[in-house]
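Working notes, structure below.
The values are calculated or read from the model by the stated rules, or taken from the named source; none is laboratory data. Owing to the predicted nature of the structure, the values given are computational and were not obtained by experimental measurement. Cβ placement follows ideal geometry from the backbone for every residue including glycine, while neighbour counts extend to all protein chains displayed. These area figures cover heavy atoms from the full protein model, side chains too; ligands, DNA and RNA do not enter into them. Shrake-Rupley method; radii C 1.70, N 1.55, O 1.52, S 1.80 Å.
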Amino acid sequence: MSLTVTPLSPALGAQISGVDISREITTEQRDAIEQALLKHQVLFFRDQPINPEQQARFAARFGDLHIHPIYPNVPETPQVLVLDTAVTDVRDNAVWHTDVTFLPTPALGAVLSAKQLPAYGGDTLWASGIAAFEALSAPLREMLDGLTATHDFTKSFPLERFGTTPEDLARWEATRRNNPPLSHPVVRTHPVSGRKALFVNEGFTTRINELSELESDALLRLLFAHATRPEFSIRWRWQENDVAFWDNRVTQHFAVDDYRPNRRVMHRATILGDAPF
């Protein structure tokens with residue numbers, strides 16, 4: 001089958017056709033998908049009815065998989081977490097964020113599969129950190145390059161929402177102990193393409209370390225707003241069995257929480273990455 005890449009916007013996004021990811025993909029298909037991911041940062045596959053085992057197998061072609069410390073997972077395939085609004089409070093996804101930047105080696109990417117959707121609503125947006133960085137003025141780019149920022153697990157997973165039962169509290173406390181606040185560069189260099197991208201996000205970034213608290217708050221507000229401008233982003237309207245695959249190293253995303261009390265069920269396989277530099 002011939003793989004086709006259809007770009008969706010200038011900043012990021014492409015739709016992929018001509019491949020069945022429920023089956024074992026060939027080395028040539030894997031390499032073509034990886035090249036498309038490097039270029040377009042988020043890829044969309046329509047009509048891919050995959051089960052958790054198939055999803056994990058596809059994601060694992062691109063790296064080792066992460067098991068999330070908080071979200072529930074598929075018992076038979078723990079590398080696939082479940083985002084089900086009937087079971088879990090997923091409000092932390094309704095903020096611009098880059099996945100698991102509270103880890104020393106945040107995710108390379110993630111593969112998200114739509115299992116159950118509301119009749120309308122529940123879209124997801126992605127934004128390009130590369131496009132956002134390149135649109136900044138030269139003096140601001142120069143100032144930011146070399147700064148570091150603190151990322152904290154508790155900003156998106158506060159105790160009052162994720163420690164409400166003894167079991168949840170024990171899980172939250174263990175995750176907190178295992179994931180203390182840590183620092184990453186404010187501007188990240190992509191380890192493959194070499195392109196630079198903003199690497200701060202509202203979900204987990206709490207402080208620019210080299211600045212005063214007042215300066216840090218003001219600059220982070222500017223960067224959060226700038227990074228998610230419409231010209232750097234794309235909005236995807238899900239259909240059942242859609243699959244999205246994004247480069248978590250240079251993007252952030254926002255799951256629109258506009259469909260309650262309807263139910264939305266998504267499965268995600270997260271691919272581990274490397275230490276940002």
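Mind checking which pairs have a first residue in region 145-157 that is hydrophobic (A, V, I, L, M, F, W, C) and a second that is part of a strand (DSSP E or B) and modelled with pLDDT under 95, Cβ under 6 Å, 6 or more apart or different chains?
From residues that are hydrophobic (A, V, I, L, M, F, W, C), there are no pairs.
For ARG207, indicate whether it is open to solvent by 60 Å² or more (accessible area, probe 1.4 Å) and within 30 Å of TYR120 (Cα to Cα).
No: the conditions fail for ARG207.
Quick one: in region 96-145, of everything that is touching a His at 6+ places or on another chain (Cβ under 9 Å) and polar (S, T, N, Q), which residue is farthest from GLU215 (Cα to Cα)?
SER113
Being over 19 Å from VAL111 (Cβ atoms) and in contact with a helix residue (DSSP H, G or I) (Cβ under 9 Å, 6 or more places away or on another chain) narrows it down to one residue among PHE224, PHE254, PHE199, PHE277; which is it?
Details: PHE224 fails: in contact with a helix residue (DSSP H, G or I) (Cβ under 9 Å, 6 or more places away or on another chain); PHE254 fails: over 19 Å from VAL111 (Cβ atoms); PHE277 fails: in contact with a helix residue (DSSP H, G or I) (Cβ under 9 Å, 6 or more places away or on another chain).
Of the residues listed, the single one that is over 19 Å from VAL111 (Cβ atoms) and in contact with a helix residue (DSSP H, G or I) (Cβ under 9 Å, 6 or more places away or on another chain) is PHE199.
Restricting attention to region 6-30, which residues are within 23 Å of ALA132 (Cβ to Cβ) and either buried (at least 18 other Cβ atoms within 10 Å of the Cβ) or in contact with a His (Cβ under 9 Å, 6 or more places away or on another chain) (or both)?
Those that are within 23 Å of ALA132 (Cβ to Cβ) and either buried (at least 18 other Cβ atoms within 10 Å of the Cβ) or in contact with a His (Cβ under 9 Å, 6 or more places away or on another chain) (or both): PRO7, LEU8, SER9, ALA11, LEU12, GLY13, ALA14.
Being open to solvent by 60 Å² or more (accessible area, probe 1.4 Å) and closer than 19 Å to PRO276 by Cβ is the filter here, so list the residues in region 148-170 that pass it.
Once the filter is applied, which keeps residues that are open to solvent by 60 Å² or more (accessible area, probe 1.4 Å) and closer than 19 Å to PRO276 by Cβ, region 148-170 yields only LYS155.
Among ARG237, ARG249, ARG264, which is the only one that is out of contact with any strand residue (DSSP E or B) (no Cβ under 7 Å at 6 or more places or on another chain) and modelled with pLDDT of 95 or more?
On the way: ARG249 fails: out of contact with any strand residue (DSSP E or B) (no Cβ under 7 Å at 6 or more places or on another chain); ARG264 fails: out of contact with any strand residue (DSSP E or B) (no Cβ under 7 Å at 6 or more places or on another chain).
Selected residue: ARG237, the only one of ARG237, ARG249, ARG264 that is out of contact with any strand residue (DSSP E or B) (no Cβ under 7 Å at 6 or more places or on another chain) and modelled with pLDDT of 95 or more.
Test GLN79 against the stated conditions and say whether it is surrounded by 14 or more Cβ atoms within 10 Å (Cβ to Cβ) and either assigned to a loop (DSSP other than H, G, I, E, B) or touching a His at 6+ places or on another chain (Cβ under 8 Å) (or both).
Criteria met by GLN79.
Can you pull out every residue in region 133-147 that is at negative phi and either surrounded by 23 or more Cβ atoms within 10 Å (Cβ to Cβ) or not in a helix (DSSP H, G or I) (or both)?
Those that are at negative phi and either surrounded by 23 or more Cβ atoms within 10 Å (Cβ to Cβ) or not in a helix (DSSP H, G or I) (or both): PHE133, LEU136, SER137, ASP145, LEU147.
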